[in-house]
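The values are calculated or read from the model by the stated rules, or taken from the named source; none is laboratory data. All of these numbers come straight from a predicted model, not from anything done at the bench. Heads up, the Cβs are rebuilt from the backbone with ideal geometry, glycines too, and the neighbour counts pull from every protein chain shown. SASA here: full protein model, heavy atoms, side chains in, ligands and nucleic acids out. Shrake-Rupley method; radii C 1.70, N 1.55, O 1.52, S 1.80 Å.
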Amino acid sequence: MDALSSFIGLSYIVAASLFIIGLKSMSSPATARRGNLIGAIGMFIAIVVTLLDRQIVSFSWIIIGIIIGSIIGALSARLVKMTAMPEMVGIFNGFGGGASALVAIAEFVSLTSKAALPMDTAITTIIGVIIGGITFSGSMLAFMKLKGMVSGSPITFPLQKVVSALVFLGAVVLGVIITGWKPDPLLFYIIVGLSLIYGVLFVIPIGGADMPVVISLLNSFSGLAACAAGFVVKNNVLIIAGSLVGSAGLILTQIMCKAMNRSLTNVLFSAFGTGDMAAGSTSTTGDKTVKSVDAEEAAMIMGYAQSVIIVPGYGMAAAQAQHAVRELSELLQSRGVEVKFAIHPVAGRMPGHMNVLLAEANVPYTLLHDMDDINPEFPHTDVALVIGANDVVNPVARHDQGSPIYGMPILDVDKAHHVIIIKRSLNPGFAGIDNELFYDPKTMMFFGSAKDKVQELVAEIKKL
Amino acid sequence: MPEYLLVGLTIFVLSMFAGFEVITKVPPTLHTPLMSGANAISGIAIIGALLVTGRNGMHLEVILGLIAVVFATINVVGGFMVTDRMLNMFKKKASKN
């Protein structure tokens, strides 16, 4: 190995180490920002030394590509609203997967044009293109679902699972044929197509509130795709960085599934939230009454309370109510009310969605509490204010064995002395089941859009 | 089995374990930044994209490589920047308290 190759190789080791240190630092709020910077430095080193590689003889297209990509990347990072972070992460997963798939395709084109395709290269290339293709189209669809360009509810059709399985199997069988017998580019392109179709079939039956799981999983896939691309171009730093991302995504996927008390298979294949599975638990609600409240009364209850726990959900994000919520919490605090926020792990559309929104609105993160920490506090809290959350506060999950959400850990909102729920209507949440909490005698429904209602509360509390 | 494949698989398995060890116990506050930061790192595919684009192969290779460079760069630049932006928001609050 000559001096240059050794230098490049050693630099890759440095880059890989920086990725590990960077990710490690991401596990504490105090060091996270530095960790992100360390990761960026690792990436910078990896890119610069790669440009020294003698394989690279022409730079013009590379420079053009980097300039275009940097402009798009920088602008979107600057301009994206924090409420749109799930979409942003969703589409970025897709770019990562897409880049890896394209690398594998380009490598296949180059190899088959020169000589016979060695078996090992064929295998890694095909795996790369399958994972990358699924990640790309799956993420694009997840992005469109989150953006509302495609319906967020699960979309199913007859024989869906059979069709999906056949598409996937088709790609694998063609892969075997290419590897063993016939390195025909046409077959290869069919694999590309099948992988893209499979990505769509994979995401389409999964509904909005299960998005945290899907986004985490696609995040993991984008890492594994990079990993596969590493095998294709025989570059270890891709394998290392890719597997790190792969495992990070898997960990988040696991956390999200646990927070819903559902297995990954159940999330992926049950088309949860289509409504038909909820039939059993909606029958008893006909004769129940709901108490509603106006802004003035709600303001009195909260303004004179000693402690208030705010429980935000997707409704807060959808209505962009986070700034109003911050104003409300500061106002209450100025009146001597103790305010805390209870965050369910799957509230919103991606892991940590609520935390980011509240941080954007300048709510100190020390006020935000995880489910396990805050649950013991509800019984001695005066008011629990639920803003646009539903299934994650439904007591049915604790006791109704027939309910589809039975066993899901929930926030024990019903144990607070008073419960005020800001919600547009009594419509069931994503799981398609009625919320028992709405009919609890101590619950008051405050109907309307999260932002308007919180602003009304603020105005009324100021008058007290 | 070719030697590089075996070496690659060894690295793959060990890195997965390293990832699991390093990343467990992330507080929920950091789930989103961790994800977008990891996202930026998966932009490492840019290395492959650079190698494919720069070796002056056929037109098709260069075109595919160029798109891959654009995609991966968006991922890297956008990912690290947006993560920094988010973490900066968390930071501000910590000092205010």
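Protein heavy-atom surface of the range A:15-130, 1.4 angstrom probe: 74% of the accessible area is carbon and sulfur, with nucleic acids and ligands not counted. Over chain B, the reciprocal of the mean inverse Cα-Cα separation, the Kirkwood hydrodynamic radius, stands at 16.1 Å. At an R0 of 35 angstrom, the distance between the Cβ atoms of A:Met149 and A:Gln401 translates into a FRET efficiency of 0.40. Annotation for B:Asn88 and A:Leu4: the two label points, set 7 Å from Cα along the Cα-Cβ direction, are 3.8 nm apart. Angle of helix A:211-232 to the longest C-alpha principal axis of chain A, folded into 0 to 90 degrees and rounded to 10: 10°.
Nothing charged except the Cβ atoms of Lys and Arg (+1) and of Asp and Glu (-1): what's the magnitude of the dipole of the protein assembly as shown about its Cα centre? Round to the nearest 20 debye. Walk me through the intermediate numbers first.
Numbers: 36 positive and 35 negative charges, 194 e Å.
It works out to roughly 940 debye.
How would A:Glu377, A:Glu338 rank on accessible area, largest to smallest, probe 1.4 Å? Could the numbers behind the result be given before it?
On the way: A:Glu377 50, A:Glu338 95 Å².
Putting A:Glu377, A:Glu338 in descending order of accessible area: A:Glu338, A:Glu377.
For the range A:287-395, the equivalent ellipsoid built from the Cα gyration tensor has semi-axes of 20, 18, 15 Å, listed from largest to smallest.
Can you tell me the relative contact order of the range A:1-79? Whole percent, Cα pairs under 8 Å, sequence separation 6 or more. List each step's numbers first, then the result.
On the way: 51 pairs, mean separation 22.2, N = 79.
Taking the mean separation of contacting Cα pairs over the length of the range A:1-79, I get 28 percent.
Ligands, DNA and RNA aside, A:Ile301 has an accessible area near 40 Å² when probed at 1.4 Å.
The order of A:Met140, B:Met81 by accessible area, most exposed first and with a 1.4 Å probe, is B:Met81, A:Met140. The label-point distance for A:Lys288 and A:Ala116, in a model that sets each label 7 Å from Cα toward Cβ, rounds to 7.1 nm.
Which order do B:Met89, B:Met1 take by accessible area at a 1.4 Å probe, largest first?
Values: B:Met89 20, B:Met1 155 Å².
So, going from the largest accessible area down, we get B:Met1, B:Met89.
For chain A, the longest principal axis of the alpha carbon atoms and the long axis of helix A:3-25 meet at an angle near 10°. If you take all other residues with their beta carbon under 15 Å from the beta carbon of A:Val173, and give Lys and Arg +1 and Asp and Glu -1, the sum is 0. With Rh defined as the Kirkwood radius, the inverse of the mean 1/r over Cα pairs, the Rg/Rh of the protein assembly as shown is 1.02. Comparing the range A:1-79 with the 2.2 N^0.38 Å rule of thumb, its C-alpha radius of gyration ratio is 1.32 (two decimals).
Could you run the numbers on buried accessible area between B and A, total for both chains, 1.4 angstrom probe, in Å² to the nearest 100?
Working: alone 7920 and 21930 Å², together 21520 Å².
In total, this chain pair buries about 8300 Å².
Computed with every protein chain present, the accessible area of A:Ile204 is close to 30 Å² [probe 1.4 Å]. For the range A:196-239, a reduction of at least 50 Å² in accessible area between the chain on its own and the assembled protein chains (probe 1.4 Å) is found at A:Phe231, A:Leu238.
Rg/Rh for the range A:295-463 (Cα atoms only, Rh after Kirkwood) is 0.93.
Rounded to the nearest 500, the 222 nm mean residue ellipticity of chain A from helices alone is -19500 deg cm²/dmol, with -39,500 (n - 2.57) taken per DSSP H run of at least 4 residues.
May I ask you to derive the FRET efficiency for A:Val48 and A:Leu186 from their Cβ-Cβ distance with R0 = 25 Å, giving the value to the nearest 0.05?
Details: r = 39 Å, r/R0 = 1.54.
With a Förster radius of 25 Å, E is 0.05.
Given the C-alpha centroids of the range B:72-89 and the range A:188-234, what is the distance between them in whole angstrom? After rounding, the separation between the Cα centres reads 21 Å. Below 12 angstrom from the Cβ of A:Ala450, what's the summed charge of the other residues (Lys, Arg +1; Asp, Glu -1)? After counting each charged neighbour, the total is +2.
Using the 1.4 Å probe convention, the accessible area of the protein assembly as shown works out to 38 Å² per residue with neighbouring protein chains retained.
The angle between the Cα long axis of helix A:322-334 and the main principal axis of chain A comes to about 40°, on a 0 to 90 degree scale. Taking the centroid of alpha carbons for each part, the range A:372-438 and the range A:58-104 are 39 Å apart. Suppose R0 equals 22 Å; then what is the FRET efficiency for A:Glu297 and A:Arg335 from their Cβ-Cβ distance, rounded to the nearest 0.05? The computed FRET efficiency comes out at 0.85. Assuming charge only on the beta carbon of Lys and Arg (+1) and of Asp and Glu (-1), the dipole of chain B about its Cα centre is about 680 debye to the nearest 20.
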